[in-house]
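Taking it in order: structure first as structure tokens, then the write-up.
The values are calculated or read from the model by the stated rules, or taken from the named source; none is laboratory data. Everything numeric in this text was worked out from a predicted model, so none of it was measured. Cβ coordinates were reconstructed from backbone atoms using ideal geometry, including for glycine residues, and neighbour counts include every protein chain displayed.
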Amino acid sequence: MTSIIQIRPAVRGDKFWIAKAMRIASGGIVDFLFSDLSSNLSVEQWLSLEIVRDNSPLSYKNTLIAVINNEIVGVVNAYPGECFSLPEKNNFIFSPNKVEILSPFYTVNLEYTFYIDTLFVQEKFRGKNIARTLLEEKFLLAKRNGFSVVSLYVWENNATAIALYRKLGFVLVQSVKSYFHPFQNQSRLLFCKYW
């Protein structure tokens with residue numbers, strides 16, 4: 001029996017699930033940024049504070065949820081690329097050294113693109129076209145809002161994701177290598193899809 005994938009807009013109550021997905025999909029960046037905060041809040045709790053902010057790029061309002069049999073199985077968060085930015089070095093939350101380490105990953109101007117920030121599907125549901133379905137919904141939204149380019153970053157060792165992106169028409173635009181711990185000698189690849 002084939003399960004039907006339902007795509008719905010996220011709601012505030014999805015905040016912890018979205019936060020978990022963002023944390024995992026970041027490939028360690030979120031854990032790195034939040035690792036030394038002196039607080040009783042977990043990484044997901046910190047992220048959820050941002051997710052419930054209506055004007056945040058990471059807001060649930062910019063997120064779609066994939067559901068199968070009433071179970072959340074995937075998430076995609078996307079927004080106009082002009083909102084894609086690294087936290088300011090004088091940000092009171094994150095260490096300036098951490099912001100500096102991540103800065104090479106934020107050197108490209110994505111202002112005129114629709115940026116896919118997070119794409120995540122639970123492992124047991126991968127290979128069932130959920131990621132493709134989520135992306136295609138965001139492609140439609142991007143087109144409706146006048147964007148002719150969709151952009152995203154992926155770690156170079158994520159061969160499965162790269163194969164999907166290429167199949168969907170994304171092309172490699174830039175490779176950015178980090179020379180700093182904990183991302184030493186790892187590259188994030190910027191892919192774009194044009195129409």
Considering the range 35-59 alone, what residues qualify as being touching a residue at least 40 places away in the same chain (Cβ under 8 Å) and closer than 22 Å to ARG188 by Cα? PRO57, LEU58
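Filtering the range 43-78 down to residues that are in a helix (DSSP H, G or I) and out of contact with any helix residue (DSSP H, G or I) (no Cβ under 8 Å at 6 or more places or on another chain), which residue is surrounded by the most Cβ atoms within 10 Å (Cβ to Cβ)? Break it down into steps so the answer makes sense when it comes.
Residues of the range 43-78 that are in a helix (DSSP H, G or I), as a first pass: 43-51, 60-62.
Next, only the ones that are out of contact with any helix residue (DSSP H, G or I) (no Cβ under 8 Å at 6 or more places or on another chain) stay: 49-50, 61-62.
Values: LEU49: 13, GLU50: 15, LYS61: 18, ASN62: 24.
Checked the range 43-78; the qualifying residue surrounded by the most Cβ atoms within 10 Å (Cβ to Cβ) is ASN62.
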Could you check TYR153 against (1) closer than 28 Å to GLN184 by Cβ; (2) without any contact (Cβ under 8 Å) to a residue 12 or more places away in the chain and say which number it fails? (2)
Quick one: count up the residues across the range 144-169 that are assigned to a helix (DSSP H, G or I), in contact with a strand residue (DSSP E or B) (Cβ under 9 Å, 6 or more places away or on another chain) and surrounded by fewer than 16 Cβ atoms within 10 Å (Cβ to Cβ). 1
Restrict the check to the range 86-105 and report whether at least one residue is free of Cβ contacts under 8 Å to residues at least 24 places away in the same chain, in contact with a helix residue (DSSP H, G or I) (Cβ under 7 Å, 6 or more places away or on another chain) and loosely packed, with under 12 Cβ neighbours inside 10 Å. no
Go over the candidates VAL176, VAL149 one by one and state the one that is touching a Pro at 6+ places or on another chain (Cβ under 6 Å) and not aromatic (Phe, Trp, Tyr). VAL176
Within the range 121-139, is there a residue that is assigned to a loop (DSSP other than H, G, I, E, B), under 16 Å from the mean Cα position of the chain (by Cα) and not aromatic (Phe, Trp, Tyr)? yes
Taking the criterion of being modelled with pLDDT of 85 or more and of a type in the set (Lys, Arg), would at least one residue in the range 91-100 satisfy it? no
Identify, from the list GLU111, GLU137, the residue that is in contact (Cβ under 8 Å) with a residue 12 or more places away in the chain and in contact with an Asp or Glu (Cβ under 7 Å, 6 or more places away or on another chain). GLU111
Residue by residue through the range 170-182, note down the ones that are modelled with pLDDT under 95, surrounded by 13 or more Cβ atoms within 10 Å (Cβ to Cβ) and in a loop (DSSP other than H, G, I, E, B). PHE180
